[in-house]
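K.L.:
Structure in structure tokens, see below.
Read-outs throughout are calculated quantities, based only on the coordinates presented, and are distinct from any laboratory measurement. Note that the structure is a prediction, hence the values are computed from the model and not measured. Ideal geometry is used to build each Cβ from the backbone, glycine not excepted, and the neighbour counts take in all protein chains shown.
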């Protein structure tokens with residue numbers, strides 16, 4: 001078992017989003033734990049999502065969200081709302097919450113300083129997904145500069161293409177790519193479930209080969225598939241290990257990092 005002191009000076013990337021962002025108490029708890037890790041010398045980077053908030057705002061202004069195989073189709077109107085919600089409201093709120101919890105935090109978009117360069121994503125059958133994109137290249141210099149100044153970067157998953165057009169990115173994939181580019185010690189996916197389950201029980205540890213088998217048999221399905229795919233991508237790109245765990249559990253980030261039992265699923269090489 002590790003101790004938090006073992007992570008002093010090392011990068012830990014936390015992806016926070018989905019249903020786990022909906023509860024204000026959980027959000028406050030996550031902000032407090034990020035701040036606690038920061039004060040103990042861990043170099044924390046946060047990547048957030050916000051799909052539910054985007055859909056709610058679109059409906060509020062009379063736009064209908066459109067999905068293909070679970071992926072949002074981002075037309076120009078949807079892109080405007082997406083960037084406003086992610087890089088504006090959610091990013092500012094999380095940055096403020098972490099700062100008020102005791103760790104100075106700076107919000108930025110994947111568009112800032114060419115942090116995330118993206119290309120258009122096509123649907124499984126070649127469908128045009130509009131300004132929905134996928135990560136093409138990571139330039140981590142802005143994050144490294146903030147970490148060197150003892151700040152916590154909070155990143156919204158908006159990239160841009162070579163022409164400067166904004167692209168809406170899946171936050172899980174953005175997190176995995178960033179964790180790899182930063183050679184993070186760990187990439188932690190905070191979700192609304194306790195980890196990857198089989199027959200109702202959380203699997204404590206998985207390898208890439210075991211994940212492939214569980215997907216093929218249908219044990220891993222739905223929204224858990226992109227999480228395990230992104231977890232393995234992070235490892236392939238240079239991250240030491242990935243973890244999937246429940247955001248609502250108190251001290252879950254610390255417990256998962258140091259290897260406390262029943263703290264989610266660890267994915268390794």
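K.L.:
So which residue, out of 14, 143, 68, gets the largest mean-square fluctuation from a GNM of the chain using Cα contacts under 10 Å as springs?
P.N.:
68
K.L.:
In Å and from the alpha-carbon atoms only, list the Rg and Dmax of the chain.
P.N.:
In order Rg, Dmax, the Cα atoms of the chain give 17.4, 52 Å.
K.L.:
Please give the FRET efficiency for residue 205 paired with residue 23, using the beta carbon to beta carbon distance and R0 = 25 Å, rounded to the nearest 0.05.
P.N.:
0.35
K.L.:
Measure off 7 Å from each Cα along the Cα-to-Cβ vector at residue 100 and residue 216, then give the distance between these two points in nanometres to one decimal.
P.N.:
In this crude label model, residue 100 to residue 216 measures out at 5.0 nm.
K.L.:
Taking the square root of 5 times each eigenvalue of the Cα gyration tensor, what semi-axes in Å does the equivalent ellipsoid of region 172-269 have, largest first?
P.N.:
After diagonalising the Cα gyration tensor, the semi-axes are 18, 17, 11 Å.
K.L.:
Modelled label-to-label distance, residue 80 and residue 251, 7 Å Cα→beta-carbon offset: nm?
P.N.:
4.9
K.L.:
When the convex hull of the C-alpha atoms of region 62-109 is computed, what volume per residue in Å³ does it have?
P.N.:
With only Cα atoms used, region 62-109 gives 90 Å³ per residue.
K.L.:
Taking 8 Å as the Cα distance limit and 6 or more residues as the minimum spacing, I'd like the relative contact order of region 193-269 as a percentage.
P.N.:
Computed over region 193-269, the figure is 45 percent.
K.L.:
Sticking with this structure for a sec: Show me 41-49, 19-27, 92-100, 110-118 ranked by packing, highest mean number of other Cβ atoms within 10 Å first.
P.N.:
41-49, 110-118, 92-100, 19-27
K.L.:
Let me ask another. For the chain, what is the calculated [θ] at 222 nm in deg cm²/dmol (nearest 500), taking -39500 (n - 2.57) for each run of four or more DSSP H residues and dividing by its residue count?
P.N.:
It comes out at -10500 deg cm²/dmol, rounded to the nearest 500.
K.L.:
Normalising by the residue count of the chain, find the relative contact order in percent from Cα pairs under 8 Å and 6+ residues apart.
P.N.:
Worked out over the chain, it gives 22 percent.
K.L.:
Label 7 Å along Cα→Cβ of residue 61; region 132-162 residues with amide nitrogen under 20 Å?
P.N.:
132-133, 156-161
K.L.:
Between residue 3 and residue 150, with labels modelled 7 Å along Cα→Cβ, what's the label distance in nm to one decimal, could you check?
P.N.:
2.2
K.L.:
Turning to a different aspect of this structure: What is the P(r) of region 221-269, as percent of Cα-Cα pairs per 5 Å bin from 0?
P.N.:
P(r) over region 221-269, rounded to whole percents: 5, 21, 27, 22, 20, 5.
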